[in-house]
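First comes the structure, then the notes that go with it.
The values are calculated or read from the model by the stated rules, or taken from the named source; none is laboratory data. Keep in mind the model is a prediction, meaning the values are calculated, not measured. Here the Cβ positions follow ideal geometry from the backbone for every residue, glycine too, while neighbour counts run over all protein chains shown.
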Amino acid sequence: MKIKLVKRFIKFKKTFYRVLFKNVFFVFLSFFVFSCTPQSDRNYTEAYAEIEKGHFRIATDLLEKAAQQEKDDKKRTKAYVEAARIARFEIQDFERAIRLNRQIILKSTDSRQRLLAQDAIAEIYFENIQNYSLALKEMLVLEQLNQGAEQNEKLRFKIAHAQFLSGNIPSALEYIDASLKSPVSDRKNLLKLKAQVLIAQKKFDEALVCYEEIFKIDADFFQRENLYISTSIVYEEKEDYGSALSYLQKHQEQIKDKAYLELRVKRLKERLTNKPLFKGRRK
């Protein structure tokens, strides 16, 4: 009996030490592997763990640290791109997103990533911050780069829009007219923007010509963009209330917002009634 107990004890000790050795070995191995992993990789891994938890500010900090520590250009750029994306779309820290994109421009050897970063900065100023002067400045930097015919035309449209919103009307028209000559331009949107610019200049008849051309090109686009209402507003700005009213009544089936349509019709009838000698109807 004593011999059996001794054997069991010896067997238990061997099993215990074998398991202990394995555990110690794996702990040591894990520590060794972790300690050999670059700090940038550890920060990058931790960042994605924080993203899964929804901790976007912490993740952005970790990604920026990873990018600053990383020596490999692709990994560094990847970390900056992800950090800039989170800063812009998740936490809406637009100034930080701009700064991170500038780091890509300064430090990345990937020309496409630098181009995308410059484009992102222009978009943030235009769409998010709505500082059209600074957006224009960044777009003019992009204009110096050859992105291909289609991309160049898209950029010219954005520049024209930024010029218009910045109050640079002549420059906006110059860009629009130049783009309208291109076979790859977005003619419908260019004409729509040109009409807006002409209305700002009180050149109402020229604006109406733009709207007429858009309708001929694409009646569905005309309806989607609610240009029936826009056209009636141009007539109203001309103080031609009769034409504005008849235009709305003629196209009432194409106007989806019936409540707004009724309000405009009522307003035009009142203005037409109160206008001396019905100036809008005179030839």
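Check whether at least one residue in region 154-164 is at pLDDT 95 or above, under 30 Å from E239 (Cβ atoms) and of a type in the set (S, T, N, Q), and report yes or no.
Yes, region 154-164 has at least one match.
Which members of region 56-76 meet the condition of being small (G, A, S) and under 22 Å from the mean Cα position of the chain (by Cα)? Can you show your working first?
Step one: list which residues in region 56-76 are small (G, A, S), which gives 59, 66-67.
The answer is A59, and nothing else.
Which residues, counting only those in region 74-121, are over 19 Å from F56 (Cα atoms), in a helix (DSSP H, G or I) and in contact with an Asp or Glu (Cβ under 7 Å, 6 or more places away or on another chain)?
Matches in region 74-121: Q118, I121.
Restricting region 103-129 to residues that are of a type in the set (S, T, Y) and surrounded by 20 or more Cβ atoms within 10 Å (Cβ to Cβ), which is nearest to the chain's Cα centre (by Cα)? Walk me through how you get there before you give the answer.
At the first step, the residues of region 103-129 found to be of a type in the set (S, T, Y) are 108-109, 111, 125.
Checking which are surrounded by 20 or more Cβ atoms within 10 Å (Cβ to Cβ) leaves us with 108, 125.
Numbers: S108: 22, Y125: 10 Å.
Among those residues, the one meeting the criterion is Y125.
Which pairs do you get when a residue that is at pLDDT 95 or above, found in region 90-115, comes within reach of a residue that is surrounded by fewer than 17 Cβ atoms within 10 Å (Cβ to Cβ) and not in a helix (DSSP H, G or I), reach meaning Cβ atoms under 8 angstrom, with the pair 6+ apart or on two chains?
Pairs that qualify, where the first residue is at pLDDT 95 or above and the partner is surrounded by fewer than 17 Cβ atoms within 10 Å (Cβ to Cβ) and not in a helix (DSSP H, G or I), are L115/L145; L115/Q147.
Within region 200-228, can you find the residues that are touching a residue at least 24 places away in the same chain (Cβ under 8 Å) and within 27 Å of the chain's Cα centre (by Cα)?
Across region 200-228, the qualifying residues are A200, I214, D218, F221, Q223, E225, N226, L227.
Give me the pairs, please: first residue somewhere in region 44-73 and farther than 15 Å from A87 by Cα, second residue anywhere and assigned to a loop (DSSP other than H, G, I, E, B), beta-carbon distance under 6 Å, and either six or more positions apart or on two chains.
D73/T109
Each row is one residue, and each column tells you yes or no for (1) outside any helix (DSSP H, G or I); (2) closer than 25 Å to F89 by Cα; (3) of a type outside the set (V, I, T).
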| residue | (1), (2), (3) |
| --- | --- |
| Y125 | no, yes, yes |
| L142 | no, yes, yes |
| E153 | no, no, yes |
| A160 | no, no, yes |
| G167 | yes, no, yes |
| L173 | no, no, yes |
| L198 | no, no, yes |
| E206 | no, no, yes |
| F222 | no, no, yes |
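Yes/no per residue for (1) in a helix (DSSP H, G or I); (2) of a type in the set (G, A, S); (3) within 29 Å of I169 (Cβ to Cβ):
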{"residue": "E212", "(1), (2), (3)": "yes, no, yes"}
{"residue": "Y235", "(1), (2), (3)": "yes, no, yes"}
{"residue": "E239", "(1), (2), (3)": "no, no, yes"}
{"residue": "Y247", "(1), (2), (3)": "yes, no, yes"}
{"residue": "K266", "(1), (2), (3)": "yes, no, no"}
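If you go through region 180-188 one residue at a time, do you hit one that is among the aliphatic types (A, V, I, L, M) and either buried (at least 16 other Cβ atoms within 10 Å of the Cβ) or in a helix (DSSP H, G or I) (or both)?
Filtering region 180-188 for residues among the aliphatic types (A, V, I, L, M) gives 180, 184.
Next, from what is left, pick out any that are either buried (at least 16 other Cβ atoms within 10 Å of the Cβ) or in a helix (DSSP H, G or I) (or both): 180.
For region 180-188, residues among the aliphatic types (A, V, I, L, M) and either buried (at least 16 other Cβ atoms within 10 Å of the Cβ) or in a helix (DSSP H, G or I) (or both): present.
Specify the residue that is nearest to N189 (Cα to Cα); the eligible residues are those in region 143-159 that are more than 16 Å from the chain's Cα centre (by Cα) and among the aliphatic types (A, V, I, L, M). Show your work before the answer.
Kept after step one, since they are more than 16 Å from the chain's Cα centre (by Cα), are these residues of region 143-159: 143-150, 152-153, 156.
Add one more test, that the residue is among the aliphatic types (A, V, I, L, M), and what stays is 145, 149.
Working: L145: 23, A149: 17 Å.
So, considering only residues that are more than 16 Å from the chain's Cα centre (by Cα) and among the aliphatic types (A, V, I, L, M), the one nearest to N189 (Cα to Cα) is A149.
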